[in-house]
Amino acid sequence: MAEPYQHTEPVSIVCMKWGTRYGPHYVNRLYAMVARNLEIPFTFYCMTDDAGGIRAEVSVHPLPPFAPAKTMYGPWQKLLMFQCDLLGIRGKVMFLDLDVIIVGSLVRFFQFSEKFAVRHEFDRIKEQENFGNTSLYVFEAGAYPFLLEDFLADPASIYQRYFTAEQEYVTRTLHERGELEFFPGDWIVSFKEHCLPPFPQRWWQSPQLPAGASVLAFHGRPLPEDAVAGRWPLEGKSPLKALYKHTKACPWLLDYWRE
């Protein structure tokens, strides 16, 4: 790992919102959590197809069209972060998924590396591979335009090779070029992997936040609002999954996930 450097310049935070899965309160709470946990000057940006209800402190920008092929949808739009000119941003930028909860300081993420920095994927097998989870990452704005350009030039082959998601394409490609470093695993933890008690204890024990974490990630279901209420949506899933896809209510999440 490269030697950490001391970051002194203002930084940028970027999130993306499209479709109807996440309401504007996700953007507003994310901004508020950043403001409480980032002790250096920052500008907060949101690229979205619907700016309604987003608080005034957020710099809102239209989400550029992104439809290179009919099979390209969902998280692949996050490749727009690698435009040559990303909203006019210069310097360090942090991308955050809307459904993360910030529970501690973010400063150390900007002081970690000059390369693209991300956490290993939460899957226990992939944690041993050069595969990152892009719920949060930090990089120099405009540094990796080839990630978007190469994808747009041949989206079908890249989609077939990296079917898992855009995060596999981004992180494996950057690792091959020597441009990837991984944050310590305990900085970013998963609600499902690190907070939930094992089955069957999760039926009578409440999830707990591991000590030392800065970010709590919610990938897939449940969403933060589901975890607060103690529900795990399983539409279209086998009823048997309800045996282990279960969580007790987590009202303590609202200590962090609020405006």
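Numbers for the structure displayed
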quantity	calculated
C-alpha long axis of helix 24-37 to longest principal axis of the chain, angle in °	80 degrees
Folded to 0 to 90 degrees: helix 166-176 orientation relative to the chain principal axis, Cα	60 degrees
Inter-site label distance for residue 249 and residue 37 at 7 Å from Cα along Cβ, in nm	2.4 nm
Proximal aspartates and glutamates relative to residue 78, as straight alpha-carbon distance under 17 Å, when same-chain residues fewer than 8 apart are discounted	49, 50, 97, 99, 121, 140, 149, 150, 154, 166, 168
Cα-based Rg and Dmax for the stretch 155-230, where Dmax is the largest Cα-Cα distance (Å)	16.4, 47
Nitroxide proxy distance, nm - points 7 Å out along Cα→Cβ at residue 231 and residue 50	1.9 nm
31 Å Cα-Cα threshold exceeded, pairs from 17/115; 92/245; 17/192	92/245
Directionally averaged projected area (convex hull, Cα atoms, the chain), nm²	14.1 nm²
Lys/Arg +1, Asp/Glu -1 at C-beta; the chain dipole; positive extreme among 45, 110, 251	251
Helix-only CD estimate at 222 nm, as mean residue ellipticity for the chain, using -39500 (n - 2.57) per DSSP H run (n ≥ 4)	-5500 deg cm²/dmol
Ordering of 241-251, 212-222, 78-88 by packing [mean C-beta count within 10 Å, highest first]	212-222, 78-88, 241-251
Average silhouette area of the stretch 188-255, convex hull of alpha-carbon atoms, in square nanometres	4.5 nm²
Added length on full extension, which subtracts the Cα-Cα distance from 0.36 nm per residue, residue 208 to residue 146	18.3 nm
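Bear in mind these aren't lab numbers, they're just calculated from the coordinates by the rules spelled out. Fair warning: this is a prediction, and the values are worked out from it, not measured in the lab. Note that each Cβ is placed from the backbone with ideal geometry, even for glycine, and that neighbours are counted across all protein chains shown.
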